[in-house]
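Colleague: One structure coming up, written as structure tokens, with questions to follow.
The values are calculated or read from the model by the stated rules, or taken from the named source; none is laboratory data. All values reported here derive from a predicted model rather than from experimental measurement. Heads up, the Cβs are rebuilt from the backbone with ideal geometry, glycines too, and the neighbour counts pull from every protein chain shown. We work out accessible area using only protein heavy atoms, side chains counted, and drop any ligands, DNA or RNA first. Shrake-Rupley method; radii C 1.70, N 1.55, O 1.52, S 1.80 Å.
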Amino acid sequence: MARHENIVVLTGAGISAESGVATFRDAGGVWAQYDYREVATPEGFAANPALVHAFYNARRRGLGAVQPNAAHRALAALERGLGEKGGRLTLITQNVDDLHERAGSKNILHMHGELSKAECAHCGDIGAARGDLSVETACNACGRAGGMRPHVVWFGEIPRFMDEAMDAIMTADLFVSVGTSGSVYPAAGFVGEARALGVPATELNLEPSENAYLFTDSRYGPATQVVASWVREMLA
Ligand code: APR
């Protein structure tokens, strides 16, 4: 097993599936229950903010009922293990849940935002969403109401931390993708960037993703088993 020092891991909804958090495109997933255009686009929010707040309020409340799983904990252990050897783990997540944080990961780039936070359209403040949000919610920073939205990147909006993500990929000696269907860009393009830079890429997923052909190594199965065993190998 080659010794890897600087690893970039991209995670998607599949890493939280065994914690009981619904994925988006599996059978019965979120986009089978809701029309993403109504609840996950700026246009949808403008048209019906109450519906969008209700969608994210329900998902935010759901966070209280779920726990990190062995895959989240394994990535936190990998971050500590690499750090002790002078290496680095950069965790780029598409997920808006807080399970990586609660498992102990520190160096996290939430490229699609965070359910636990809210943004104010008046003053730009990004802060903790305390309970349900509504069009009446006043901003904790500027005090004005009527401008709060979930701190989540919607379709058509620019994902966050893209410069940091690309910097991490350019200095990585391994790129790993966990629990993502590889169907939403720019996240789905990261493996191609890594490969173009000659960085080996591993896919850890329940089943082959849409860009499975781009990976140099792949292990399939539930994240709690596949990620945990892969991390044990990395730290051996
Ligand atoms: N272990 C590992 N992988 C799993 C598991 C599991 N227990 N269960 C499901 N998966 C895999 C599925 O095989 C699928 O490839 O997780 C992936 C989930 O894919 P999606 O539901 O498309 O989720 P994701 O790839 O994270 O979606 C990307 O789309 O809707 C937007 O912003 C949203 O961040 C999301 C983005």
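Colleague: Within the stretch 74-163, considering only strands (runs of 3 or more DSSP E) that don't extend past its boundaries, which have at least 3 residues that are over 22 Å from residue 24 (Cα atoms) and in contact (Cβ under 8 Å) with a residue 24 or more places away in the chain? Can you show your working first?
Modeller: Values: elements: 88-93, 108-110, 113-120, 126-128, 148-152.
Once the strands (runs of 3 or more DSSP E) in the stretch 74-163 are filtered for at least 3 residues that are over 22 Å from residue 24 (Cα atoms) and in contact (Cβ under 8 Å) with a residue 24 or more places away in the chain, what remains is 88-93.
Colleague: Mind listing whichever residues of the stretch 26-45 are among the charged types (D, E, K, R), surrounded by 15 or more Cβ atoms within 10 Å (Cβ to Cβ) and either under 20 Å from the mean Cα position of the chain (by Cα) or in a loop (DSSP other than H, G, I, E, B) (or both)? Break it down stepwise before answering.
Modeller: First pass over the stretch 26-45, keeping only residues among the charged types (D, E, K, R): 26, 35, 37-38, 43.
In the following step, the residues that additionally are surrounded by 15 or more Cβ atoms within 10 Å (Cβ to Cβ) were identified as 26, 38.
Across the stretch 26-45, the qualifying residue is only 26.
Colleague: While we're here: Is the stretch 217-227 home to any residue that is over 15 Å from residue 93 (Cα atoms), more than 9 Å from the ligand (Cβ to nearest atom), open to solvent by less than 10 Å² (accessible area, probe 1.4 Å) and touching a strand residue (DSSP E or B) at 6+ places or on another chain (Cβ under 8 Å)?
Modeller: No, every residue in the stretch 217-227 fails to be over 15 Å from residue 93 (Cα atoms), more than 9 Å from the ligand (Cβ to nearest atom), open to solvent by less than 10 Å² (accessible area, probe 1.4 Å) and touching a strand residue (DSSP E or B) at 6+ places or on another chain (Cβ under 8 Å).
Colleague: Check 128, 172 and return the single one that is in the same structural domain as residue 82 (by TED's automatic domain parsing) and either more than 14 Å from the ligand (Cβ to nearest atom) or at pLDDT below 95 (or both). Full working, then the answer.
Modeller: Details: 128 fails: in the same structural domain as residue 82 (by TED's automatic domain parsing).
Matching residue, one of 128, 172: 172.
Colleague: When the stretch 60-73 is examined, which residues are found to be part of a loop (DSSP other than H, G, I, E, B), within 16 Å of the ligand (Cβ to nearest atom), more than 14 Å from the chain's Cα centre (by Cα) and without any contact (Cβ under 8 Å) to a residue 60 or more places away in the chain? Break it down into steps so the answer makes sense when it comes.
Modeller: We begin by selecting, within the stretch 60-73, every residue part of a loop (DSSP other than H, G, I, E, B); these are 64-69.
Filter again for within 16 Å of the ligand (Cβ to nearest atom), leaving 66-69.
Now drop any that are not more than 14 Å from the chain's Cα centre (by Cα), which leaves 66-67, 69.
Residues satisfying the conditions are 66, 67.
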